[in-house]
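Trainee: One structure, pasted below without further comment.
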């Protein structure tokens, strides 16, 4: 059995004193508080997905190799939707989110490394929720509804080390509503990008999160685990943030230029994927949540080139907690903002990575002089 660890933490909710918890999240919630006698305002707190009231996020990262899982808990339930666009997905319980099907509540979403093996992490989350008495009431038992999706990271380290049900349980146990920790944690621990030329010139990415709060109290947020075959692009500048490196390893080849040049590409099919959870405090139906998941893929297209390829398993889950009353006209706004924060979360996933020796991060690249 491989030793596992939780990164970062605070004690609580049944955790071992020696455990450390990694929460999840990122991006500005506009909160002003007067500090000290000078009447200064506090800087906005970067919360990410947990800016949506009613959601908690936890990561568990295995120590034997870079892999793990990330869990989003909605213990009071949330309306869910999903949209899968990649050509090589690995998912669980996405059919229950189809608007034509009966169950209209979700209690957690699991994102995991480990390829199809990592779907086992959802079993641990089901066990955790069952112990808490949380689930869909069937009269004879409360059944937790826990959709999940995986990304392929078996090429990073020992492929026999994979997230298990224990990983999911530990991530759920570590979850809270604090600011989301980003970077090389949970489902993003072994995530890489820029693999159009093979893994030799790829880079490290991870988990990123972002949110926006409107003056009327509407919150829209996203969390992404980024393991794309393509490059990560900053939508605001059009610049490559991370991706396929140039032959000298000091810069970027730029997938957009390679695709137009007719160069021979060597992506590894089925070994890539970007996963996202978008959420809002709005009141939505399953049909509306599904539309938000669909619109969120626009954020993928803005921040990843190429995206939704036969080599990727890209998927988005959408959650609506119903804490903020909305009307039908708000769906357009929610979907558009979901695409925005999804793109921001993807960029942050690359920017927050610390990198590995064989897969440098953008931070490492900036510090490395040309050879």
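Trainee: Taking the conditions exactly as written (surrounded by 15 or more Cβ atoms within 10 Å (Cβ to Cβ), out of contact with any helix residue (DSSP H, G or I) (no Cβ under 8 Å at 6 or more places or on another chain), at pLDDT 95 or above and farther than 30 Å from residue 154 by Cα), does residue 74 satisfy them or not?
Mentor: So residue 74 does not fit the description; no.
Trainee: Now a separate question. Touching a helix residue (DSSP H, G or I) at 6+ places or on another chain (Cβ under 8 Å), at positive phi and either in a strand (DSSP E or B) or surrounded by 14 or more Cβ atoms within 10 Å (Cβ to Cβ) (or both): is that true of residue 308 in this structure?
Mentor: Taking the combined requirement at face value, the residue satisfies it.
Trainee: Here's another thing I want to ask about it. Taking only the range 120-141 into account, find how many residues are assigned to a helix (DSSP H, G or I) and either over 17 Å from the mean Cα position of the chain (by Cα) or surrounded by fewer than 23 Cβ atoms within 10 Å (Cβ to Cβ) (or both).
Mentor: Of the residues in that region, 9 qualify.
Trainee: Working only within the range 77-95, note down all residues that are touching a strand residue (DSSP E or B) at 6+ places or on another chain (Cβ under 8 Å), surrounded by fewer than 23 Cβ atoms within 10 Å (Cβ to Cβ) and over 22 Å from residue 58 (Cβ atoms).
Mentor: Hits for the range 77-95 are 83, 84, 85, 87, 88, 89.
Trainee: Would a scan of the range 38-49 turn up a residue that is in a loop (DSSP other than H, G, I, E, B), within 30 Å of residue 285 (Cβ to Cβ) and at pLDDT 95 or above?
Mentor: The answer is no; no qualifying residue exists.
Trainee: Counting just the residues of the range 354-365 that are touching a helix residue (DSSP H, G or I) at 6+ places or on another chain (Cβ under 7 Å) and part of a loop (DSSP other than H, G, I, E, B), which one comes out surrounded by the fewest Cβ atoms within 10 Å (Cβ to Cβ)?
Mentor: The extreme case among them is 354.
Trainee: Same structure, new question: Given 275, 265, which one is within 24 Å of residue 310 (Cβ to Cβ) and at pLDDT 95 or above?
Mentor: Testing whether each residue is within 24 Å of residue 310 (Cβ to Cβ) and at pLDDT 95 or above leaves just 275.
The values are calculated or read from the model by the stated rules, or taken from the named source; none is laboratory data. Quick caveat, the model's predicted, so the values are computed rather than measured. Methodologically, a virtual Cβ is constructed for each residue, glycine included, from the backbone with ideal geometry; neighbour enumeration extends over all protein chains shown.
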